[in-house]
Amino acid sequence: MTTSDAVLLSDRQREEFDRQGYLALDRLTSAEEVTSLQAVYDRLFEDGAQIAERDLLELAGELNGDPTLPQILNPDHYAPELRQTRAYRNAGVVARRLLGPEAVPTGMHAIRKPAHHGAETPWHQDEAYWNPDHEHRAISIWMPLQPATADNGCMEFQPGSHLLPVLAHRRISSDVHGLVLADTGVVSESVACPLPAGGATVHGSRTLHYAGPNTTSEPRRALVMSFACPSRPLAVPRRFPWQDRPEST
């Protein structure tokens, strides 16, 4: 499996991404590399792992004192070998095919849904988290390290929603980082994308997406690799009030 021939997207796939705002790929890397990535990933989430507090986020809250949707930002800072993988190289090929030669890596994050009680990732647009003063052209490549199914929280998308503006969001609760659409009634269609381990989904920054809870006996591991073209300041800046932090009292 080589970078040049394994993930070279066809014209049909590129057209599908442009039309739907997302794409599912059966394979981004080999089964052998998935096994090695599982070990790296699990080490990062172990108790006592030396992860800076600023890079540890809880997206949905706790259940009986345990996080239900923990996330590690910049996992490659703590495991630089993540940047030397076939998956990362192939993700770059996909990004440049979809965004053009200006596309560059903009970071990684790892989201873990614990066994039995991993929370849903609610409907949202990634751009709702970003600087509202700039125009963004970006994608996220989401790769599961075990089969992604409806039972453990595979990705779901609303086709064509990448053509929408950034919609109103709100915080899931005041003490967590995660966002949810303020009105989930705008979601009129949901397409689930189950994947084999080492496959991937690709979605744009405004594509509405969701992942269900993990009700299985194994954690659901997902590694997300992000790419973007240089952002540009907007002539008329936007405001995302859900990004405002309440004043301390």
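The values are calculated or read from the model by the stated rules, or taken from the named source; none is laboratory data. Quick caveat: nothing in here was measured; it's all calculated off a predicted structure. Neighbour counts are summed over all protein chains in view; Cβ atoms, including those assigned to glycine, are modelled from backbone coordinates with ideal geometry. Note: areas computed on protein heavy atoms with side chains; ligands, DNA, RNA excluded. Shrake-Rupley method; radii C 1.70, N 1.55, O 1.52, S 1.80 Å.
The residues listed here are A91, A52, A31; of these, the one that is at pLDDT 95 or above and surrounded by 17 or more Cβ atoms within 10 Å (Cβ to Cβ) is A91. Might you check whether a residue that is without any contact (Cβ under 8 Å) to a residue 60 or more places away in the chain and more than 27 Å from D175 (Cα to Cα) occurs anywhere in the stretch 210-218? No, the stretch 210-218 contains no residue that is without any contact (Cβ under 8 Å) to a residue 60 or more places away in the chain and more than 27 Å from D175 (Cα to Cα). Kindly indicate which of V176, V186, V236 is without any contact (Cβ under 8 Å) to a residue 40 or more places away in the chain and in contact with a Leu (Cβ under 7 Å, 6 or more places away or on another chain). Matching residue, one of V176, V186, V236: V186. Of R238, R221, which residue is touching an Asp or Glu at 6+ places or on another chain (Cβ under 8 Å) and more than 25 Å from L56 (Cβ to Cβ)? After ruling out the rest, the residue left standing is R238. Yes or no: the stretch 34-48 includes at least one residue that is hydroxyl-bearing (S, T, Y), touching a residue at least 40 places away in the same chain (Cβ under 8 Å), under 26 Å from S173 (Cβ atoms) and crowded, with 16+ Cβ neighbours inside 10 Å. No, the stretch 34-48 has no match at all. Only strands (runs of 3 or more DSSP E) whose full extent lies in the stretch 109-180 are considered here, and the ones with at least 2 residues that are within 30 Å of P233 (Cα to Cα), β-branched (V, I, T) and open to solvent by less than 20 Å² (accessible area, probe 1.4 Å) are 138-144. Looking across the stretch 194-249, the residues that are part of a loop (DSSP other than H, G, I, E, B), of a type in the set (A, V, I, L, M) and either under 17 Å from T106 (Cβ atoms) or touching a strand residue (DSSP E or B) at 6+ places or on another chain (Cβ under 8 Å) (or both) come down to A197, L208, L234.
Cβ-Cβ distance below 7 Å, separation of 6 or more or different chains: which pairs start in the stretch 68-86 with a residue that is β-branched (V, I, T) and end on one that is open to solvent by 70 Å² or more (accessible area, probe 1.4 Å) and modelled with pLDDT under 95? Listed pairs, sorted by first residue: T68/E62; I72/L56.
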